[in-house]
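**Student:** My questions will all concern the structure given below.
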Amino acid sequence: MDKKNQHFETKAVRIQSETSQHREHSVPIYATSSFVFQDAEQARALFADEEEGNIYTRFSNPNNNEFVDKLCALEETEDGVATASGMSAMFISMAAFLRSGDHILASRSLFGSTHQILTQLFPRWGITHTYVNVHAPLEVWERNIQANTKMIFVETPSNPGLDLIDLEALGKLSRQHNIIFNVDNCFATPYLQNPARWGAHIVTHSATKFIDGQGRAIGGAVLGTKALMQEVRFLARHTGPALSPFNGWILSKSLETLAVRMEKHCEHALALSEFLENHEEVIHVNYPFLPSHPQYTLAKKQMRLGGGLVTFELKGGVERGKRFLNALKMLSFTANLGDTRTIATHPASTTHSKLSDEERAAVGITPGLVRISVGLEHLEDIKTDLVQAIEHSR
Ligand SMILES: Cc1ncc(COP(=O)(O)O)c(C=O)c1O
């Protein structure tokens, strides 16, 4: 059977580390800091990169290799590096290529810590950035490219606005201008969207979200061409944001069920968004696969399904949002997403409370906006809790 032509689900289940002499069916956890050399010649060859193999877990480990091999197959990329968190993945995917005097062009709707890297950390090292609003047409992206622009960085769908970026358009633009195009694909996962197909050179992940999918482990990955990953691997090897083998094992196991979990997350999220769209206390619902989403056509083009997140604007602004969260009985109120458990958050009073109204509006956060990471409980139970919390927060 030609393994290259296997389906997504088969690759996610069947790509495995080599079986040991114990003939185990499920891959064990390689809890070891280092690997033994057979002799001096092998040690020399491994360090000289003449022979492939594990030396030290900060560089590589069978569990982390398996996790990355699977992700590369699912994202259609050549090579990758596993990292201790999504943020270390974001950081090294940029820091490996940017030098003092370089410029990065990014979508304004970025995860908070990525925003801190661009606005607080990189300026210390002489790296500047320009933000482009998520709804800006392609001409605005092109107009903001400078002679020193080395990278375009985006997230799509964005958090929490669920706005989309046209991956094909930016993929073409970055190639025309010889700029590295880096996409944080954490919200979509490789099951829903493959940025490399549309021209992304680098695909980054927080594996902490839907890839783990059960709220247990922090991890991340940087994926791309062999040539680019050499630079990323060099930085990772010598600065040490290595994934623990235990988390590598969890995350690789999680990929085995990614397709079935994402199907269910998306089925629930679509049903819930259709239901909320008809609720009298709800002003507006945002979900990429709702025909009312302003970028519905683009969503259908570049995503397989609409994703596991839904946002909606409740009547009554910030105070109503807070009352709604306090009235929830089953849904979790926690700083994560992509879990089996449904999670509700109110960005205006929590994650984005320090921004001005204008800054919040620029990234799609209205006062009563509630974000739901739709889980895998029975849909009727999720709905029941949402409806009672909407009623009790009036
Ligand atoms: C879009 C996005 N990128 C990156 C991250 C950072 O990932 P981690 O928490 O695994 O470091 C997150 C996490 O919340 C995220 O939502």
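What follows is calculated from the coordinates using simple rules that are stated; it is not laboratory data. Since the model is a prediction, treat every value here as computed from it, not as a measurement. We place every Cβ from the backbone using ideal geometry, glycine too, and count neighbours over all the protein chains shown.
**Student:** I need to check one value: relative contact order of the chain, counting alpha carbon pairs closer than 8 Å and at least 6 residues apart, in percent.
**Tutor:** 17
**Student:** Under the 0.36 nm per residue contour assumption, what length would be gained going from the current alpha-carbon distance of Val387 and Glu277 to full extension?
**Tutor:** 38.3 nm
**Student:** Let me ask something additional. Kirkwood Rh over alpha-carbon pairs of the chain, then Stokes-Einstein at 10 °C and 1.306 mPa s: what D in µm² s⁻¹, rounded to an integer?
**Tutor:** Answer from the Stokes-Einstein relation: 72 µm²/s.
**Student:** Would you kindly derive the ³J(HN,Hα) couplings of the range 195-207 from the backbone phi angles with the Karplus curve 6.51 cos²θ - 1.76 cosθ + 1.60 (θ = phi - 60°), listing them in order in whole Hz, with x for Gly and Pro?
**Tutor:** Each residue of the range 195-207 in turn: x, 4, 4, 9, x, 5, 7, 10, 10, 10, 9, 8, 7 Hz.
**Student:** Also, I was wondering about something else. Sorted by mean Cβ packing within 10 Å, highest first, what order do the peptides 217-225, 178-186 take?
**Tutor:** Per-residue mean Cβ counts within 10 Å order the peptides as 217-225, 178-186.
**Student:** What nm value, rounded to one decimal, do you get for the distance between Arg341 and Arg58 when each label is placed 7 Å out toward the C-beta?
**Tutor:** It is 3.6 nm.
**Student:** Output ³J(HN,Hα) for the range 34-51: one whole-Hz value per residue in order, computed from phi by the Karplus curve 6.51 cos²θ - 1.76 cosθ + 1.60 with θ = phi - 60°, and x for Gly and Pro.
**Tutor:** Working through the residues one at a time gives 9, 10, 7, 8, 5, 6, 4, 5, 5, 4, 4, 5, 5, 5, 8, 6, 8, 10 Hz.
**Student:** Same structure, new question: Between His177 and Glu256, what is the FRET efficiency for a Förster distance of 30 Å, r being their Cβ-Cβ separation, to the nearest 0.05?
**Tutor:** 0.15
**Student:** Per 5 Å bin from zero, what fraction in whole % of the C-alpha pairs of the range 281-338 is there, up to the bin with the longest pair?
**Tutor:** Binned Cα distances yield the sequence 4, 16, 20, 19, 18, 13, 8, 1.
**Student:** Given 0.36 nm per residue, what is the gain on full extension from His7 to Phe35 after removing their alpha carbon distance, in nm?
**Tutor:** Difference between extended and current length: 6.7 nm.
**Student:** As I understand it, the dipole of the chain uses +1 on the Cβ of Lys and Arg and -1 on the Cβ of Asp and Glu, about the Cα centre. Which of Ile127, Gly375, Ala200 lies farthest toward its positive end?
**Tutor:** Looking along the dipole axis, the top candidate is Ile127.
**Student:** Counting pairs of Cα atoms in the range 271-394, how many percent are more than 16 Å apart?
**Tutor:** The proportion of pairs with Cα distances above 16 Å equals 61 percent.
**Student:** Follow-up question, since we're still on this one. Take each of the peptides 187-199, 228-240, average the number of other beta-carbon atoms within 10 Å over its residues, and list them starting from the highest.
**Tutor:** Packing proxy ranking, top to bottom: 187-199, 228-240.
**Student:** Further, regarding this structure: At 7 Å along Cα-to-Cβ for each site, give me the label-to-label distance between Thr350 and Arg143 in nm.
**Tutor:** Going from the Thr350 label point to the Arg143 one covers 3.7 nm.
**Student:** For Glu380 and Gln230 in the same chain, what is the full-extension length gain: residue separation times 0.36 nm, less their Cα-Cα distance, in nm?
**Tutor:** 49.2 nm
**Student:** Cross-link list Lys172/Lys226; Lys354/Lys383; Lys315/Lys383; Lys226/Lys300: which exceed 25 angstrom alpha carbon to alpha carbon?
**Tutor:** Lys354/Lys383; Lys226/Lys300, as the Cα separations exceed 25 Å there.
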